[in-house]
Structures are given as C-alpha cells and as structure tokens.
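See below for the structure under consideration.
The values are calculated or read from the model by the stated rules, or taken from the named source; none is laboratory data. Worth saying up front: this structure is predicted, and the values here are computed from it rather than measured. Here the Cβ is made from the backbone with ideal geometry for all residues, glycine too, and neighbour counts use every protein chain on show. Accessible surface is based on the protein model in full, side chains and every heavy atom, while ligands, DNA and RNA are left aside. Shrake-Rupley method; radii C 1.70, N 1.55, O 1.52, S 1.80 Å.
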Amino acid sequence: MAEYIPHERKLLLKVVYYGPALSGKTTNLMQLHTLLHPQRKGELMVLETKDDRTLFFDVLPIGLRSEAGLDLRLKLYTVPGQVQHDSTRKAVLSRADGVIFVADSQAAQQENNATSFENLAANLQKLGMDIERLPLVVQFNKRDVPNAVDEDQLQTRWASTPWAPLIMASAVNGIGVVESFQAILERLYGHLDEEFHLTASEGLRLDDFVRKLSGT
C-alpha cells in the first residue's frame with residue numbers, strides 16, 4: 001500500500017500500532033519518539049479522551065533520503081483500543097504497510113488479546129488486505145507485571161504462526177520498543193525492495209534502511 005509520488009521522488013509508508021485498550025500502544029510510540037535519533041523524528045501528537053488514551057491516532061513521522069535521492073517518509077500511528085471506536089480503528093488501518101500488534105502480557109488479558117487480534121484480521125479483510133501477507137510484528141508488552149504469562153508458553157502458543165518469534169517488551173521502561181520497530185522495518189523492507197528496487201536502484205540496503213530509520 002506504499003504511496004509513491006514519481007515527480008517528487010517520494011515514497012510514503014505507514015505503520016500502525018494495533019491492540020486492545022491500555023496494552024501500551026501509546027506508550028510504545030511515546031518511548032520510541034524519545035529513543036530515536038533526533039534527526040529522524042517529527043512532532044508527536046497525542047489525543048486523549050476520558051475512555052481511552054487515543055480517540056483517533058498518534059502520529060510520528062520519520063524520514064530519510066537514499067543515496068540516489070529517494071525521499072522516504074514513514075508515519076507511525078496508534079489506534080484506539082476501545083470497541084466503540086472500531087470505525088476509527090479501521091480508518092486508521094486503511095492503507096497500512098505494516099502493523100505492530102501490542103498484546104498485554106497479563107494473564108487476565110489474554111482473551112482481550114485474542115479478541116483484538118481477531119478484530120485486526122476482520123478489519124484488514126474488510127479493507128481488502130490479508131493478515132498473513134501483511135508485514136506484522138507481535139509484541140507482548142507489560143513483561144514487568146507480576147502476573148505476566150510465561151514467555152515460553154507464549155512463544156510456544158504462537159510458534160506455528162507467521163509472526164513467530166514474539167517480541168517481549170516493557171514499554172513503560174523502554175524495553176522492546178526499538179526492537180519491535182526494527183523488526184517491522186525488516187519485514188517491510190522485503191516488500192518494498194521487491195516493488196521499488198531499493199537495493200538495486202536506490203542503493204538502500206536492508207541494514208541501512210533499518211539503521212537510518214531507527215537511529216541505531
């Protein structure tokens with residue numbers, strides 16, 4: 001779904017943080033904004049409401065220019081987790097190039113995780129997108145809570161899916177935030193290179209793509 005503007009030599013990309021309410025989507029984005037290299041980030045906008053931290057979305061635009069002059073822009077969004085905002089979730093998800101699904105590690109939240117993941121798949125289908133073909137990273141956040149589900153149990157449960165291995169995170173402590181972001185960049189690159197020949201035509205290899213966008 002990447003948008004290419006030929007006369008401006010500009011490639012616009014979109015990554016969406018999806019997941020149940022209060023799983024840590026906004027915290028991920030706020031931490032990422034703090035941890036990224038200053039030259040690689042724009043202004044972070046957060047909209048809060050009484051029943052969810054984000055009514056519409058947070059936006060974190062990031063950009064770089066390839067050796068051949070391609071202006072690559074990446075915008076990161078989060079969606080509201082509350083079920084009453086499903087139409088907004090679907091609108092934000094439209095034309096996404098990749099998704100980071102932020103799950104809650106608390107034992108009591110596993111059913112909510114499953115419901116939210118099913119909602120993601122359903123909304124993608126409504127938008128004409130296949131969840132198994134879309135670049136997708138699954139992060140289990142809140143590993144710092146005392147009742148977190150055992151990591152081995154989670155990894156085993158997801159082992160047969162296209163999204164294994166999972167990324168463990170404690171976004172409030174900045175753990176796993178950049179790693180999740182780098183993982184989605186790696187999965188995005190293959191799709192982009194196939195369509196836009198980033199290596200052959202733009203001189204932009206995978207390691208440079210990940211390093212420049214993540215500021216590492």
Close pairs (7 angstrom Cβ cut-off, 6 or more residues apart or separate chains): touching a residue at least 40 places away in the same chain (Cβ under 8 Å) in the range 199-216, open to solvent by 20 Å² or more (accessible area, probe 1.4 Å) and among the aliphatic types (A, V, I, L, M) anywhere: Ser201/Ala68; Glu202/Ala68; Gly203/Ala68; Ser214/Val178
By residue number, the members of the range 133-154 that are out of contact with any Lys or Arg (no Cβ under 8 Å at 6 or more places or on another chain), without any contact (Cβ under 8 Å) to a residue 60 or more places away in the chain and open to solvent by less than 10 Å² (accessible area, probe 1.4 Å) are Val138, Phe140, Leu154
Applying the selection to the range 155-164, what residues are open to solvent by 30 Å² or more (accessible area, probe 1.4 Å) and closer than 9 Å to Val137 by Cα? Ala164
Confirm whether Asp130 is under 30 Å from Lys10 (Cα atoms), surrounded by 14 or more Cβ atoms within 10 Å (Cβ to Cβ) and not small (Gly, Ala, Ser). no
Does Asp104 satisfy the criteria of being modelled with pLDDT of 95 or more, open to solvent by less than 20 Å² (accessible area, probe 1.4 Å) and in contact with a Lys or Arg (Cβ under 8 Å, 6 or more places away or on another chain)? yes
Any helices (runs of 4 or more DSSP H) falling wholly within the range 125-216 and containing at least 1 residues that are touching an Asp or Glu at 6+ places or on another chain (Cβ under 7 Å) and at pLDDT below 95: 206-214
Please work out if Ala96 is open to solvent by less than 80 Å² (accessible area, probe 1.4 Å) and not hydroxyl-bearing (Ser, Thr, Tyr). yes
Does Val177 satisfy being open to solvent by less than 40 Å² (accessible area, probe 1.4 Å) and not basic (Lys, Arg)? yes
